[in-house]
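Let me begin by presenting the structure, written as structure tokens, before commenting on it.
The values are calculated or read from the model by the stated rules, or taken from the named source; none is laboratory data. For clarity, every value in this text was computed on a predicted model and none was experimentally measured. Because the Cβ atoms are built from the backbone with ideal geometry, glycine has one as well, and the counts that use them run over all protein chains shown.
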Amino acid sequence: MKFNETIIRVRYGETDQMGVVYHANYAVYFEVGRTEWLREFGLSYSAMEADGVMLPVVSLSINYKNSARYDDVLKVKTTLKKMPTASIEFEYQLLTDSNVLLATGNTILAFIDTKKNRPTRCPKYLLDKLQDYSL
């Protein structure tokens, strides 16, 4: 399955007084990975929004394994779990640059038609770009 790896360096403001990454920042790291995954297909959130489609997160889960710390270099591995329908689902692995697993996660995002404020199917242009994507 095709995936994207995004490199992130932990910034001081993302940590607590002990230099450990605050737990909510893992969701932010997943968002960075998801955004970069979309860019690989020539897509962006801003282009989708301009086209009248929003992608709110409807489900988020994180399993913490080890702590990330200030100035660590992290890899966010983002993988599409299955072909999108009215939602799109991603799985994540957050690793150190030496491949120590820090966390795993999963998000589900719904496709929302901004004009109707209702769920909608995945846009055809995204499905077309994923046509050759082997799951």
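Of everything in the range 62-77 that is aliphatic (A, V, I, L, M) and in a strand (DSSP E or B), the residue that is farthest from Glu31 (Cα to Cα) is Val73. Which of the residues spanning the range 88-118 are surrounded by 13 or more Cβ atoms within 10 Å (Cβ to Cβ) and more than 30 Å from Val10 (Cα to Cα)? Passing the criteria: Phe111, Ile112, Asp113, Thr114. Listed conditions (1) of a type outside the set (S, T, N, Q); (2) at positive phi; (3) not in a loop (DSSP other than H, G, I, E, B) are all met by Glu49, apart from (2). Does Val32 qualify as being surrounded by fewer than 18 Cβ atoms within 10 Å (Cβ to Cβ) and touching a residue at least 24 places away in the same chain (Cβ under 8 Å)? The answer is yes for Val32. Checking each residue in the range 66-96 for being under 24 Å from Lys124 (Cβ atoms) and basic (Lys, Arg) picks out Lys81, Lys82.
Looking only at residues of the range 1-29 that are of a type in the set (Asp, Glu) and under 15 Å from Ser67 (Cα atoms), we find that the one that is surrounded by the most Cβ atoms within 10 Å (Cβ to Cβ) is Glu14. Among the residues of the range 53-101, the ones that are of a type in the set (A, V, I, L, M, F, W, C), closer than 30 Å to Arg118 by Cα and more than 11 Å from the chain's Cα centre (by Cα) come to 7 in all. Taking (1) out of contact with any Ser or Thr (no Cβ under 7 Å at 6 or more places or on another chain); (2) without any contact (Cβ under 8 Å) to a residue 40 or more places away in the chain; (3) within 17 Å of Ala110 (Cα to Cα); (4) not aromatic (Phe, Trp, Tyr) in turn, Ser61 satisfies each apart from (2). Of note, Ser59 satisfies the criterion of being modelled with pLDDT of 95 or more, assigned to a strand (DSSP E or B) and in contact with a strand residue (DSSP E or B) (Cβ under 6 Å, 6 or more places away or on another chain). How many of the residues making up the range 78-96 are part of a strand (DSSP E or B), hydrophobic (A, V, I, L, M, F, W, C) and touching a residue at least 40 places away in the same chain (Cβ under 8 Å)? Count: 3. Count of the range 97-117 residues, restricted to those that are charged (D, E, K, R) and assigned to a strand (DSSP E or B), is 1.
Residues in the range 35-80 that are β-branched (Val, Ile, Thr) and surrounded by fewer than 15 Cβ atoms within 10 Å (Cβ to Cβ): 3 in all.
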